[in-house]
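The values are calculated or read from the model by the stated rules, or taken from the named source; none is laboratory data. In this text the structure is predicted, and so the values were computed from the model without any measurement. Please note: Cβ atoms are built from the backbone with ideal geometry, for glycine as well, and neighbour counts cover all protein chains shown. Areas reflect the complete protein model, heavy atoms only, side chains present, ligands, DNA and RNA absent. Shrake-Rupley method; radii C 1.70, N 1.55, O 1.52, S 1.80 Å.
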Amino acid sequence: MPFASTLSDVARVLIVDDNEEMLARSASVLATACEIVGAVKDGSAALEAAESLHPDVIVLDISMPGMTGLEVASRLRSRGCKAAVVFLTVHDETDVVQAARVVGAIGYVLKRRLASDLVIAVQEALAGRPFVSVTP
């Protein structure tokens, strides 16, 4: 089931990462194909932004101080958030990928593959199709 009303819609994306440089890089890569509706640096701000901005897709870091991305995703689902979640992370371990799926993520992008994979992952998420970065 697509997350936007039609596949031709531009995805409205919320980016969440505690690293300012990574927020900027993600926004720069996504700006060519998406509407960036917000960029926040922690889990609490992510929950608030998701509720007020109603993004189609949330690009979410896993390792953040305080509330992890996994916990944010779980809370978003329990609050009824319908946005697709795409994790953008350094973690390439199978158990972390599985944990992301358990909390409802549809996409999983490794930060080292941000330039090549992030737009594709967001587009796939918008269409309701899973995407996972392939490790070299």
Table column - 3J(HN,Hα) (Hz), the range 30-42, Karplus curve with 6.51, -1.76, 1.60, x for Gly and Pro: 6, 4, 6, 10, 9, 9, 7, 8, x, 9, 10, 10, 8
Residue-by-residue Karplus 3J(HN,Hα) for the range 52-61, coefficients 6.51, -1.76, 1.60, Hz, glycine and proline x: 8, 9, 6, x, 7, 9, 10, 8, 10, 6
Val132 long-range amide H proximity, modeled H, under 5 Å: Tyr108
Heavy-atom accessible surface of the range 15-136: percent carbon and sulfur, 1.4 Å: 53
Candidate values (i) 14.4, 44; (ii) 15.5, 61; (iii) 13.0, 38, label of the one derived for Rg and Dmax of the Cα atoms in Å: (iii)
Coil-residue trypsin sites (Lys or Arg not before Pro) of the range 1-109, DSSP, other Cβ within 10 Å capped at 12: Arg79, Lys82
The range 72-123: mean projected area of Cα convex hull, nm²: 3.5
Helix-only [θ]222 nm of the chain, DSSP H runs n ≥ 4, -39500 (n - 2.57) each, per residue, nearest 500: -12000 deg cm²/dmol
Cα-projected label distance for Val10 with Arg129, points at 7 Å along beta-carbon direction, nm: 2.3
Accessible solvent surface per residue of the range 3-87, calculated while the other protein chains remain in place, 1.4 angstrom probe, Å²: 46
